[in-house]
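S.K.: Below you will find the structure I want to go over with you.
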Amino acid sequence: MEEIIKKADVLIEALPYIRKFNKKILVIKYGGSILGEEKIRKLVLQDMVFLNFVGIKIVLVHGGGPSISERMRKDGKRTEFIDGMRVTDEETLVVVEDELKRLNSLIVEELNQFGAKAISLDGKNDEIIFVKKKKAKIDLGFVGEIIRINTEPILNNLNKGYITVILPMGKGQDNKAYNVNADEAASHIASALKAEKLILLTNVSGIMRNPDEANSLISTLSIQEANKLMLDRVIQEGMIPKVGACIFALEQGVKKTHIIDARMPHSLLLEIFTDKGVGTEIVK
């Protein structure tokens, strides 16, 4: 009986949050590094289905980096990164697009199996993500910098109750396809939609004051504090673009941003529907 009462307590704790976020838009970025782990992926997708069933509008933007790199390796192609960006020639672009489409189809299929209505949107072919060629110290090839988001196809599907799963490819000014960083895509989409939250699902607990100390997780940061931690190199390497994506979204009108560990069971629900949360939130 005690266990049943505890479950009821959890539901009661979630109630104000369910009411608060009903009909609001959440943009979730699901990193490629954890997409390939079936057990984790299915728990994460179940959480999204739950959110959808309680009336929250879900946009999912996914990556695919490790799958792309593995396919490149199998095809005997060299992978090169400059400042965290994949150098994308025409052959690499084909692999990027193929792998993102494969992962997108898998996610949509599994969401539908869990009882949700999910639909795939392609950033380029559905004319959602418009880009210009990204400039860098060397030519990155077909890598795009986002200049505009067309929200109409997204909103049309959200208003029909679909979980909208977006493949992060961009349409260039030359009408060609461009590879787009998924964190950047999620941040710009959340900004254009004026989303309630941007949530980045990763394979780390959040932002740590000291990576070697498990209890050094920072639960809440302001933009100013986050910028200082980057200057002090407390936030570094792969976390920098994620924090940058959060800051951009906040400055463009998104209310809250979160970086959470997808490996923790039901981390999405715990972050959104409990008083304490489980990851790092960055706020204005």
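S.K.: Need the failing condition index for Val283 against (1) at pLDDT below 90; (2) surrounded by fewer than 20 Cβ atoms within 10 Å (Cβ to Cβ); (3) among the hydrophobic types (A, V, I, L, M, F, W, C), just the number.
M.R.: (1)
S.K.: Okay, next question. Name the residue, out of Ala249, Ala190, Ala195, Ala185, that is part of a loop (DSSP other than H, G, I, E, B) and at pLDDT 95 or above.
M.R.: Working: Ala249 fails: part of a loop (DSSP other than H, G, I, E, B); Ala190 fails: part of a loop (DSSP other than H, G, I, E, B); Ala185 fails: part of a loop (DSSP other than H, G, I, E, B).
Only one candidate passes the filter, namely Ala195.
S.K.: So which residues in region 104-136 are assigned to a loop (DSSP other than H, G, I, E, B) and small (Gly, Ala, Ser), if there are any at all? So that I can check it myself, show each step before the final result.
M.R.: Step one: of region 104-136, the residues assigned to a loop (DSSP other than H, G, I, E, B) are 114-117, 123-128, 134-136.
Residues satisfying the conditions are Gly115, Ala116, Gly123, Ala136.
S.K.: So, one more: Let me confirm something: among Glu91, Glu97, Glu37, Glu80, which residue is of a type in the set (Asp, Glu), surrounded by 19 or more Cβ atoms within 10 Å (Cβ to Cβ) and more than 30 Å from Leu15 (Cα to Cα)?
M.R.: Numbers: Glu91 fails: surrounded by 19 or more Cβ atoms within 10 Å (Cβ to Cβ); Glu37 fails: surrounded by 19 or more Cβ atoms within 10 Å (Cβ to Cβ); Glu80 fails: surrounded by 19 or more Cβ atoms within 10 Å (Cβ to Cβ).
Checking each option against the conditions leaves just Glu97.
S.K.: Now for a different question. Any idea which residue in region 200-219 is modelled with the lowest pLDDT, counting only those that are assigned to a strand (DSSP E or B) and within 19 Å of Lys29 (Cα to Cα)? Even if it seems obvious, please write down each step before you answer.
M.R.: Keep residues of region 200-219 that are assigned to a strand (DSSP E or B), which gives 200-202, 208, 217.
From what's left, within 19 Å of Lys29 (Cα to Cα): 200-202.
Working: Leu200: 96, Leu201: 95, Thr202: 91.
Here the answer is Thr202.
S.K.: Which one is surrounded by the most Cβ atoms within 10 Å (Cβ to Cβ), of the residues in region 40-65 that are over 27 Å from Ile12 (Cβ atoms), at pLDDT 95 or above and of a type in the set (Val, Ile, Thr)?
M.R.: Val61
S.K.: Could you pull out the residue among Val165, Val243 that is in contact (Cβ under 8 Å) with a residue 60 or more places away in the chain, β-branched (Val, Ile, Thr), touching a Leu at 6+ places or on another chain (Cβ under 9 Å) and not in a loop (DSSP other than H, G, I, E, B)? Can you show your working first?
M.R.: Working: Val243 fails: in contact (Cβ under 8 Å) with a residue 60 or more places away in the chain.
After ruling out the rest, the residue left standing is Val165.
S.K.: I need every pair where a residue in region 2-21 that is at pLDDT 75 or above has its Cβ under 7 Å from the Cβ of a residue that is outside any helix (DSSP H, G or I), sequence separation at least 6 or different chains.
M.R.: Glu13/Thr274; Glu13/Asp275; Ile18/Val54; Phe21/Ile56; Phe21/Glu196
S.K.: Counting only residues that are of a type outside the set (A, V, I, L, M, F, W, C) and part of a helix (DSSP H, G or I), which one in region 138-156 is surrounded by the fewest Cβ atoms within 10 Å (Cβ to Cβ)?
M.R.: First, pick out the residues of region 138-156 that are of a type outside the set (A, V, I, L, M, F, W, C): 139, 141, 144-145, 148, 150-153, 156.
With the extra rule that they be part of a helix (DSSP H, G or I), the set shrinks to 152-153, 156.
Numbers: Glu152: 11, Pro153: 17, Asn156: 13.
Of everything passing the filter in region 138-156, Glu152 is surrounded by the fewest Cβ atoms within 10 Å (Cβ to Cβ).
S.K.: Of these, Lys228, Lys171, Lys160, Lys197, which one is charged (D, E, K, R), under 15 Å from Lys29 (Cβ atoms) and out of contact with any Pro (no Cβ under 7 Å at 6 or more places or on another chain)?
M.R.: Values: Lys228 fails: under 15 Å from Lys29 (Cβ atoms); Lys171 fails: under 15 Å from Lys29 (Cβ atoms); Lys160 fails: under 15 Å from Lys29 (Cβ atoms).
Checking each option against the conditions leaves just Lys197.
S.K.: If only one of Asn203, Asn179 is touching a Gly at 6+ places or on another chain (Cβ under 8 Å), among the polar types (S, T, N, Q) and crowded, with 22+ Cβ neighbours inside 10 Å, which one is it? Don't jump to the end; show me each part of the working.
M.R.: Values: Asn203 fails: crowded, with 22+ Cβ neighbours inside 10 Å.
Matching residue, one of Asn203, Asn179: Asn179.
S.K.: Between Asp89, Asp98, Asp83, which is of a type in the set (Asp, Glu) and at positive phi? Lay out the reasoning, then the answer.
M.R.: Details: Asp89 fails: at positive phi; Asp98 fails: at positive phi.
Sole residue among the options that is of a type in the set (Asp, Glu) and at positive phi: Asp83.
S.K.: Continuing with the same structure: Out of region 108-126, which residues are under 19 Å from Met169 (Cβ atoms) and of a type in the set (Asp, Glu)? Full working, then the answer.
M.R.: Just the residues of region 108-126 that are under 19 Å from Met169 (Cβ atoms), to begin with: 108, 118-126.
Passing the criteria: Asp122, Asp126.
S.K.: If you go through region 33-82, how many residues are part of a loop (DSSP other than H, G, I, E, B), of a type in the set (A, V, I, L, M) and closer than 23 Å to Gly123 by Cα?
M.R.: Applying the first criterion (part of a loop (DSSP other than H, G, I, E, B)) to region 33-82 yields 36-37, 54-56, 63-64, 75-80.
Now restrict to residues that are of a type in the set (A, V, I, L, M): 54, 56.
The next check asks that each one be closer than 23 Å to Gly123 by Cα; those that pass are 56.
Qualifying residue count, region 33-82: 1.
S.K.: Is there a residue being within 23 Å of Val165 (Cα to Cα) and touching a helix residue (DSSP H, G or I) at 6+ places or on another chain (Cβ under 6 Å) anywhere in region 77-89?
M.R.: For region 77-89, residues within 23 Å of Val165 (Cα to Cα) and touching a helix residue (DSSP H, G or I) at 6+ places or on another chain (Cβ under 6 Å): absent.
S.K.: Then there is this: Looking at the structure I just gave you, is Gly32 touching a Pro at 6+ places or on another chain (Cβ under 6 Å), surrounded by 13 or more Cβ atoms within 10 Å (Cβ to Cβ) and not β-branched (Val, Ile, Thr)?
M.R.: Numbers: touching a Pro at 6+ places or on another chain (Cβ under 6 Å): yes; surrounded by 13 or more Cβ atoms within 10 Å (Cβ to Cβ): yes; not β-branched (Val, Ile, Thr): yes.
Taking the combined requirement at face value, the residue satisfies it.
The values are calculated or read from the model by the stated rules, or taken from the named source; none is laboratory data. These numbers were taken from a predicted model, which means no experiment stands behind them. Glycine gets a Cβ as well: all are built from the backbone with ideal geometry, and neighbour counts include every protein chain shown.
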